[in-house]
Amino acid sequence: MFSRFKWKQRPTKSSFADGLIDDRDWSKLRFQTRRNDIAKDTYSPNERESLNSLISLLSRHGSFYRKSHIQPPVKPEPLSDADKSSLAATVAALSNSISKESLSTLQVSALIAAFKTSPDVQIPPETLAKLLAQIAAFDRPSDPHLELARIVYAHYYAITSPSFNNTDESASKSIRSDQTYYHTPKHIPALIDYLVVLVRNGQIQDVVHHLANAYVIFTKFYKRLTLALLNVPGSAPLAPEIAQIFAKRQIRVKRSLLSSLLDLASVPSKDPNPHSEDKSSVFDTVSILTSAGLYDLSSDIQTLSRLLQYSIDEKFGQKGKEFLTMFAEIDKNSPDLAQNYSFEQMQNFYVTAIKAVMTFYDSVPILGRTLVRELLELPDKFPDSSQNGFNRATWHTIIQWSIFSASTDSSAWNVLAATLKQMSKSMPPNTDTINSALEIAAKLGHSNALVDQIFSLFHTEVKHTPVLEEPELEENDKENQISFPSLALHLHIQPNVESYAHLIRARLAASNLVGAIEAFEQSRAQFIPWNEDESNNRNALFELLLAITRAEDADPDIVIDWYLAVRSYTQTVSYVCKVALLDLFLKNDQVGNAISVLRSEIPLSDPVPDELAFENDLMVIEFQSTNVLMGKEAGRLLPAEAPDIYMLLENYVHSSDNAFKAWIMYGMIQRHFIPPPESYHAAMERFMALGRADAAMKIFDHIQWEVNAGDDSLRMTEDLYNRLFRALAKLKYEPAIRPLHVALKMDISIDTNIDLMNGIMLAYASTDNKFAADMIWDQIRTAPLPHRANLESFQIMLELHSRFNIGRAVELWRSLPEYDIEPDNKLYASYIKANCYSGYYARALDIAKHMKEDHGLELDAHVLRTLYNWTLLPNRKKDVEAWAQTAAPEIWKELRESGTLREDVIEQDKPPSILTLLTGKSDNDTSDTKKSATKVEKKENDNDNNHTNYDDDFPDLSEYHYVGKDK
């Protein structure tokens with residue numbers, strides 16, 4: 001959506017700004033995701049014919065099904081000799097007909113089934129080698145591809161090795177045993193392809209095991225292997241392992257092989273988070289070889305220079321200092337060093353060493369001064385080849401050293417001008433020259449005044465009249481700097497992306513955010529092509545955006561504009577910026593802006609429409625499959641690949657009180673990530689807690705779909721079913737109760753217990769489904785222990801029948817001794833409410849009065865509050881108050897002060913209750929109550945925590961159905 005916005009001086013607000021989420025007409029928006037089914041590869045006619053032939057042959061023998069979760073019903077029949085020949089020919093035809101470089105998932109599955117169906121199938125080694133190359137061309141980790149590679153290489157080695165017979169057993173041994181492998185030059189291409197697959201899938205130890213037990217191949221093999229692995233992320237740890245193999249065999253290493261190993265050790269990690277990347281493989285490789293005496297680093301200044309540069313790039317300060325010391329020793333102890341290298345090479349060595357000094361030391365060390373002095377003496381040692389003087393890179397390093405070693409900003413400016421004059425004698429300064437000065441000034445934290453003064457050298461004809469005060473050079477400056485007299489500088493050079501990058505970084509380092517923003521605006525006004533820069537200079541824009549986002553007074557509506565401005569040049573932002581932006585937007589409940597960032601920064605291979613679709617005020621989420629391979633093919637991420645982003649979205653879903661927005665962000669999780677199985681259950685409960693049972697049931701439907709598809713990790717548990725039924729009861733969401741109950745009945749992995757049955761009964765009772773609740777009651781009242789009805793079961797049924805039939809409630813109360821159940825205060829409160837609901841207020845008061853006498857229970861606030869609030873006749877309410885003031889004055893006082901007592905009453909007379917009409921007994925007759933209160937032996941396990949916590953919801957009097965009469 002950002003491509004539609006053209007940056008102006010103050011860009012318009014994003015259409016997803018806060019407030020628009022709830023205020024705009026969401027019904028006009030449309031958004032939906034699509035289930036990522038198995039990708040339909042485009043096959044050539046020959047390829048499709050070969051694949052279908054192979055699948056048909058395997059299917060006839062029951063050894064292949066397109067759906068991976070379906071298992072063959074019986075053990076496949078062994079193939080006949082004719083079928084084996086046909087199978088070998090079909091596999092060969094498939095390999096030869098493949099139009100793409102790599103194999104699709106369906107092709108891999110079919111080939112695995114083919115090899116497993118006939119382990120001793122005869123396939124030409126050329127076909128096997130071609131299959132290995134096609135497997136290695138698949139540029140993503142894949143378990144099926146890894147499995148097929150193991151099988152194919154086992155067959156290949158068994159066929160081509162003279163020490164093995166052509167059997168499946170020998171093929172298995174060739175990749176699993178610790179015996180010696182005998183490789184010949186013809187094995188190298190297939191072996192390298194196989195090792196590439198292993199490394200891509202993180203099987204470094206398998207590669208090490210294979211190489212360690214192989215007969216010493218050739219040095220050029222390792223060069224070819226490292227070359228093949230340079231584009232395989234995560235292969236760097238293999239370099240020190242190879243060095244260990246050489247150390248164990250005491251094989252000396254030449255510089256060319258060491259260079260290849262260092263290339264391999266420098267390969268980036270697969271981890272998208274750069275802070276977690278282990279970059280020590282380079283130093284481990286060198287350390288292993290030098291410690292074993294296989295390589296003499298002290299005489300190789302060229303490799304030392306490379307290691308120094310790597311230390312600078314990756315900021316390994318301690319290692320860099322060690323290499324600097326070795327460099328200095330070589331320089332000191334090798335007076336004829338210049339005879340072995342050219343003038344250009346020696347310049348480069350010294351330039352790298354001086355840069356290392358400026359990187360790893362805060363103060364000016366003697367070593368740095370020595371290196372600079374020897375660099376300046378180089379032309380005298382190369383009189384023939386140094387006629388043109390230093391190259392531009394050397395001059396830039398000298399300029400940086402001048403600023404690095406200056407003691408004040410003023411002296412730094414003066415020495416810079418003098419150095420530029422000397423440089424102009426051999427070559428004119430250019431943009432990169434001024435950039436080198438800006439870089440070191442920004443890195444060292446010089447004042448913005450000095451940085452601005454250096455920047456002023458751009459695009460102006462500057463005569464050297466320093467803005468800063470010009471004192472005499474100090475002795476330290478004279479000793480360490482190239483001191484030249486001042487002169488007029490006529491520089492006609494323009495700044496570039498790097499120039500403004502250094503300026504922005506310098507102002508950010510000085511906590512001058514406004515100045516950094518002004519520098520960016522100035523660069524845009526001069527049409528600086530940030531979008532054409534491929535170096536790290538564009539990271540300055542990410543640093544600026546990060547500072548704007550993390551500012552204390554950051555306004556999300558303004559931040560989104562700056563994000564659009566930066567992204568118009570960079571097409572994306574750094575990982576840290578993505579996290580900061582999402583954090584800011586979600587903290588301010590701006591889910592629209594968060595969606596914009598997610599859509600732009602985590603694009604899918606199968607893009608979805610920009611609009612959002614809603615149904616019953618819930619965004620439509622067509623859930624994705626939990627299959628990792630399918631999810632990766634669709635461009636979705638595992639949580640570990642972007643952990644901070646995933647946790648921000650997950651935390652928002654579980655912390656937001658706005659179910660509407662939480663559901664939208666849950667849709668974004670489904671769209672961009674492959675959530676772990678346990679997250680589905682937690683999300684389902686979260687939306688229950690937010691009062692959106694419809695949303696929770698959509699997640700439940702997806703869980704059932706995945707379980708039916710074979711994902712057992714998502715199976716429900718008894719406890720989870722129980723919590724869902726109770727959540728539905730609390731929400732009184734009738735449409736979901738019956739489907740959930742049916743799903744439970746169909747789930748053969750669930751062993752129901754009394755707690756779960758109570759949860760089901762509570763759900764039906766909450767929606768006044770008396771018929772269904774009675775059916776559950778009939779099941780549990782006759783069930784054997786421990787699945788028989790318990791105290792909570794009675795409480796649920798009392799609450800239900802209090803609204804329908806006081807006679808049934810009385811029967812339940814009288815049957816308590818039959819189940820050896822002793823009532824507690826909660827059950828008493830439910831029974832009292834049932835009597836009050838039918839108008840038997842005097843009986844309810846009498847029940848409360850005899851609690852202690854009948855069952856040894858003390859009157860508590862819950863029982864007393866229930867009795868008072870549900871007594872609706874004025875005279876009876878006064879009776880309750882009078883008795884409470886005498887029987888429990890302290891409890892009554894606390895209830896009065898708490899404000900939880902209700903004064904609602906019904907003034908008019910009402911007809912007698914149904915029970916009165918049937919029995920002919922008035923409400924004042926308490927004989928039945930006395931009989932029903934027969935004492936039973938008290939059980940010790942009546943714990944409040946084991947029962948449902950009912951509140952004292954008071955009915956709306958306009959809908960109150962009074963069915964009894966109190967005389």
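The values are calculated or read from the model by the stated rules, or taken from the named source; none is laboratory data. Being a predicted model, the structure only gives us computed values, none of them experimental. Backbone-built Cβ (ideal geometry, glycine too); neighbour counts: all protein chains shown. Keep in mind that these areas ignore ligands, DNA and RNA; they rest on the heavy atoms of the full protein, side chains included. Shrake-Rupley method; radii C 1.70, N 1.55, O 1.52, S 1.80 Å.
A few points about this structure:
- Residue in segment 392-410 that is modelled with pLDDT of 85 or more, surrounded by fewer than 18 Cβ atoms within 10 Å (Cβ to Cβ) and farther than 25 Å from LYS332 by Cβ present: yes
- Tally of residues being open to solvent by 20 Å² or more (accessible area, probe 1.4 Å) and part of a helix (DSSP H, G or I) across segment 778-798: 3
- Meets criteria (touching a helix residue (DSSP H, G or I) at 6+ places or on another chain (Cβ under 6 Å) and within 24 Å of HIS502 (Cα to Cα)) for VAL351: yes
- Check on ASP657, open to solvent by 30 Å² or more (accessible area, probe 1.4 Å), not in a helix (DSSP H, G or I) and not hydrophobic (A, V, I, L, M, F, W, C): yes
- Residues (out of contact with any Phe, Trp or Tyr (no Cβ under 9 Å at 6 or more places or on another chain) and surrounded by 22 or more Cβ atoms within 10 Å (Cβ to Cβ)) located in segment 799-823: HIS801
- Test: residue in segment 853-868 that is in a loop (DSSP other than H, G, I, E, B), acidic (Asp, Glu), open to solvent by less than 20 Å² (accessible area, probe 1.4 Å) and over 20 Å from ALA729 (Cα atoms): no
- Number of the exception - LEU714 against (1) surrounded by fewer than 17 Cβ atoms within 10 Å (Cβ to Cβ); (2) over 26 Å from GLU799 (Cβ atoms); (3) not basic (Lys, Arg): (1)
- Some residue of segment 656-665 being over 15 Å from ARG715 (Cα atoms), within 15 Å of the chain's Cα centre (by Cα) and in the same structural domain as ILE703 (by the TED database): yes
- Of all the residues in segment 565-599, those that are over 18 Å from LEU544 (Cα atoms), touching a residue at least 40 places away in the same chain (Cβ under 8 Å) and open to solvent by 20 Å² or more (accessible area, probe 1.4 Å) number 3.
- Tally, over segment 678-694, of residues that are more than 24 Å from the chain's Cα centre (by Cα) and closer than 18 Å to GLU734 by Cβ: 5
- Failed condition for ARG636, given (1) within 21 Å of ASP583 (Cβ to Cβ); (2) among the charged types (D, E, K, R); (3) crowded, with 22+ Cβ neighbours inside 10 Å: (1)
- A count restricted to segment 682-706 and to residues that are small (Gly, Ala, Ser), in a helix (DSSP H, G or I) and open to solvent by 10 Å² or more (accessible area, probe 1.4 Å) stands at 2.
- Any pair with Cβ under 8 angstrom, 6 or more apart, that starts in segment 510-536 at a residue that is charged (D, E, K, R) and ends at one that is open to solvent by less than 40 Å² (accessible area, probe 1.4 Å): ARG524/ALA565; GLU532/VAL497; ASP533/VAL497
- Checking segment 375-390 against the condition returns no match, with no residue being open to solvent by less than 20 Å² (accessible area, probe 1.4 Å), in contact with a Phe, Trp or Tyr (Cβ under 6 Å, 6 or more places away or on another chain) and more than 24 Å from GLN302 (Cβ to Cβ).
- Enumeration of residues in segment 567-588 that are more than 21 Å from GLU650 (Cα to Cα) and touching a Lys or Arg at 6+ places or on another chain (Cβ under 9 Å): SER568, TYR569, THR570, THR572, VAL573
- Only residues that are within 11 Å of LEU791 (Cβ to Cβ) and among the basic types (Lys, Arg) were counted in segment 820-848, giving 1.
- Among the residues making up segment 805-828, those that are in contact with an Asp or Glu (Cβ under 8 Å, 6 or more places away or on another chain) and of a type in the set (A, V, I, L, M, F, W, C) are VAL810, LEU816.
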